[in-house]
Amino acid sequence: MLRFENITKVFKTDILTAPVVALESVNLHIKSQSMVGFLGANGAGKTTSMKIMLDFIRADQGSVVYGAELGGNLKNALSKIGFLPERPYFYPHLKGHEFVSFMGELQGLSKTTIKERAKLWAPKLRIDHALDRYLRTYSKGMLQRLGFLTVVIHEPTLIILDEPLSGLDPVGRQELKAIMRELHASGKTVFFSSHVVPDVEEICSEVVFLSSGKLAYQGSVDKLMRENVGQTFWVKTPATDKILRTPFVAKEKLSDEIVRWEVSQQDQENLLRELLDSRIPILGMEQSRKSLEEVFYQIKGKVAL
Amino acid sequence: MTLKPVVIVANYTLKELLKSKVLISAFVMSLGIALLAWLASEFTFGVPARVALDVGLAALSVSGYGIAVFMGVTLISREIESRTIYMVISRPISREAFLIGKMAGLSLFLMINLAVLGVAAVSVAWLLGLPPSWLVLCAFLASILECVILMLVVVLLSLGANTSLTVIFSLILLVAGHAIGETRNSLYVQLRPALGRVLDFFHYLFPGFYKFNLKDMVIYELVPPAGWLNSMFLYGICYATFLAVLICLVIRKKDFN
Ligand SMILES: Nc1ncnc2c1ncn2[C@@H]1O[C@H](COP(=O)(O)OP(=O)(O)O)[C@@H](O)[C@H]1O
Ligand SMILES: [Mg+2]
């Protein structure tokens, strides 16, 4: 749907300070109908990438390719994209519904369409009570919600959000994540940045991971986990002094009565057989999980080399 | 560039400006101007009505400069700081249309402000016995044109320089543009052709703001030479168009960061 081909962006601020390489030969690809989490530490280049996607700033090298679903070029793409900048702050002297109309009219929507869509989305975003209020009275979270309303008002094919969860309280985050899921389920492509890995892990099947302006990983979360985490199993048993023949990766005392054995995939069967033979009761068994965050620390180390 | 997005941006820019406190201050100021004009006519020599009109028109110009400079300088930078510009230009509207729309909105706002002040000044003069003339209307229109050109200069400068430099440079251009008319015609310059050529160069490149000053004509009821008004308005409109095109060319290349 949208591709970066060898995008490089260097910021030259002034003569005295060294230029900052914000993006270095980045190739990334947003696939149609995917829900992609755009990860990276602060300053990794996420916002810069989004600004280049939308032509707010120009890359020094490389090009952005807009796929056929977006009309094949930037001009057509703009009517099919919805974008929310990070920490948005709008015209303080306009009312909520006036700002929504402003954005809707720019998309070429009629007044009735704008009203209908606002009526549909405002309650979902819990902003309906505030549409008649001036934006200067809005809190950060409310501005975020109103911004989101204007992002979906023209039913875009591709939704690009910069740190959409950052200004919200925990309940708000859950609500917005649910809405993003719903949009994705209805066939939209969602691309959003975050520096909070668990949020992304929760709702995305795909990730793009930037590290200091370089692409560290892109693809499915499952694949990333498979490749970077040797699959292991946990088996819980009552505490025992018996020395097992099966090699284990780790043995952890969970309490005075219970221990947990971690074994690799190929040793799983041996361990179970040995436990059964030795008449040690098996209290529980599950696949061990590493979080996406732990995996990122792991591959970030590799990229830095 | 299509017109519709320009109109939409201009409309909401004006709406936003009208709801800010600036217009209220214009009303307060217009009362101030009326009072000042009356006081001046009472306590100075000369025909009271003419003094009142003179003071009123001067105050109108100054407040127009204020709006053009201080609201023009942040017209774009504020949009970038608040990231509102990203909400707008990520939609099907060209950068040029956005900028022209913003400037059109501010120009309309400027006109409304000056109209309020102008009505106050003319009313006081009328009460003192000087009925409004078509020349006063021309002076008023010329003042608006001047302020719009000043605003365009400010916006153009603000695309390349920071806020304080922009304000300083534009005020220098404003003063120079007013001074050049009389200086060029002074005996001192006429005796020095080289200096005259430097001034002419300045004149061709930078705006000749002095052209839009019709106050003397209004006050002394002078009749401008035939065709003078037409060429003044033509010059103003051409210069404004030139600046607008220049701004569009600059904006095309700019990183909005
Ligand atoms: N206008 C700018 N001038 C100079 N450096 C910049 C500018 N914008 C961004 N940068 C630098 O580019 C890098 C990437 O920034 P950014 O894209 O905002 O990161 P992220 O959004 O991932 O936190 C940072 O090192 C930042 O300091
Ligand atoms: Mg960022």
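The values are calculated or read from the model by the stated rules, or taken from the named source; none is laboratory data. Fair warning: this is a prediction, and the values are worked out from it, not measured in the lab. Note that we place each Cβ from the backbone using ideal geometry, even for glycine, and neighbour counts take in every protein chain shown. We work out accessible area using only protein heavy atoms, side chains counted, and drop any ligands, DNA or RNA first. Shrake-Rupley method; radii C 1.70, N 1.55, O 1.52, S 1.80 Å.
Annotations for the structure displayed:
- Any chance A:SER211 is of a type in the set (S, T, N, Q), within 16 Å of ligand 2 (Cβ to nearest atom) and more than 14 Å from chain B (Cβ to nearest Cβ): yes
- Test result for A:LYS51, in contact with a Phe, Trp or Tyr (Cβ under 7 Å, 6 or more places away or on another chain) and within 16 Å of ligand 2 (Cβ to nearest atom): no
- The residue of the stretch B:73-106 that is least open to solvent (accessible area, probe 1.4 Å), among those that are in contact with a Cys (Cβ under 9 Å, 6 or more places away or on another chain) and more than 10 Å from chain A (Cβ to nearest Cβ), is B:LEU99.
- Per-region count, the stretch A:9-35, residues away from ligand 2 (no atom under 16 Å from the Cβ) and open to solvent by less than 20 Å² (accessible area, probe 1.4 Å): 3
- Any hit, the stretch A:111-125, residues being more than 30 Å from B:LYS21 (Cα to Cα), buried (at least 19 other Cβ atoms within 10 Å of the Cβ) and not basic (Lys, Arg): yes
Table: residues versus (1) open to solvent by less than 40 Å² (accessible area, probe 1.4 Å); (2) modelled with pLDDT under 85; (3) within 30 Å of A:HIS195 (Cβ to Cβ); (4) assigned by TED's automatic domain parsing to the domain that holds A:SER211.
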residue	(1), (2), (3), (4)
A:THR246	yes, yes, no, no
A:SER264	yes, yes, no, no
A:GLU269	no, no, no, no
A:ILE280	yes, no, no, no
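- Scope the stretch B:204-226; condition farther than 16 Å from B:LEU141 by Cα and surrounded by fewer than 18 Cβ atoms within 10 Å (Cβ to Cβ); matching residues: B:TYR204, B:LEU205, B:PHE206, B:TYR220, B:GLU221, B:LEU222, B:VAL223, B:PRO225, B:ALA226
- Of all residues in the stretch A:115-135, those being within 13 Å of chain B (Cβ to nearest Cβ) and part of a helix (DSSP H, G or I) number 1.
- Pair list, Cβ < 7 Å and 6+ apart or interchain, from the stretch B:196-217 residues that are farther than 19 Å from B:VAL148 by Cβ and among the aliphatic types (A, V, I, L, M) to residues that are part of a helix (DSSP H, G or I) and open to solvent by 50 Å² or more (accessible area, probe 1.4 Å): B:LEU199/B:THR183; B:LEU199/B:ARG184
- Within the stretch A:101-110, tally of residues that are hydroxyl-bearing (Ser, Thr, Tyr) and open to solvent by 40 Å² or more (accessible area, probe 1.4 Å): 1
- Restricting the stretch A:145-154 to residues that are in contact with a helix residue (DSSP H, G or I) (Cβ under 8 Å, 6 or more places away or on another chain) and not hydroxyl-bearing (Ser, Thr, Tyr), the residue that is nearest to ligand 2 (Cβ to nearest atom): A:GLY147
- Condition met for A:VAL263 (within 16 Å of ligand 1 (Cβ to nearest atom), in a strand (DSSP E or B), more than 14 Å from chain B (Cβ to nearest Cβ) and of a type in the set (Val, Ile, Thr)): no
- Hits in the stretch A:162-186 - residues which are in a loop (DSSP other than H, G, I, E, B), over 17 Å from A:TYR138 (Cβ atoms) and either touching a residue at least 40 places away in the same chain (Cβ under 8 Å) or not assigned by TED's automatic domain parsing to the domain that holds A:GLN144 (or both): A:ASP162, A:GLU163
- The condition of being surrounded by 19 or more Cβ atoms within 10 Å (Cβ to Cβ) and at pLDDT below 85 holds for only one of A:LEU224, A:LEU215, that being A:LEU224.
- The stretch A:192-207 - residue that is part of a strand (DSSP E or B) and more than 14 Å from ligand 2 (Cβ to nearest atom) and, of those, surrounded by the most Cβ atoms within 10 Å (Cβ to Cβ): A:VAL207
- Of all residues in the stretch B:23-41 being in contact with a helix residue (DSSP H, G or I) (Cβ under 7 Å, 6 or more places away or on another chain) and farther than 26 Å from B:LEU106 by Cα, the one that is most open to solvent (accessible area, probe 1.4 Å): B:TRP38
- Residue in the stretch B:127-144 that is within 14 Å of chain A (Cβ to nearest Cβ) and either modelled with pLDDT of 95 or more or part of a helix (DSSP H, G or I) (or both) present: no
- Candidates A:SER212, A:SER193, A:SER205, filtered to the one that is of a type in the set (Gly, Ala, Ser), over 12 Å from the mean Cα position of the chain (by Cα) and either away from ligand 1 (no atom under 15 Å from the Cβ) or farther than 30 Å from A:ILE280 by Cα (or both): A:SER212
- Taking the numbered list (1) touching an Asp or Glu at 6+ places or on another chain (Cβ under 6 Å); (2) under 22 Å from B:ALA97 (Cα atoms) in turn, A:MET103 passes all entries but (1).
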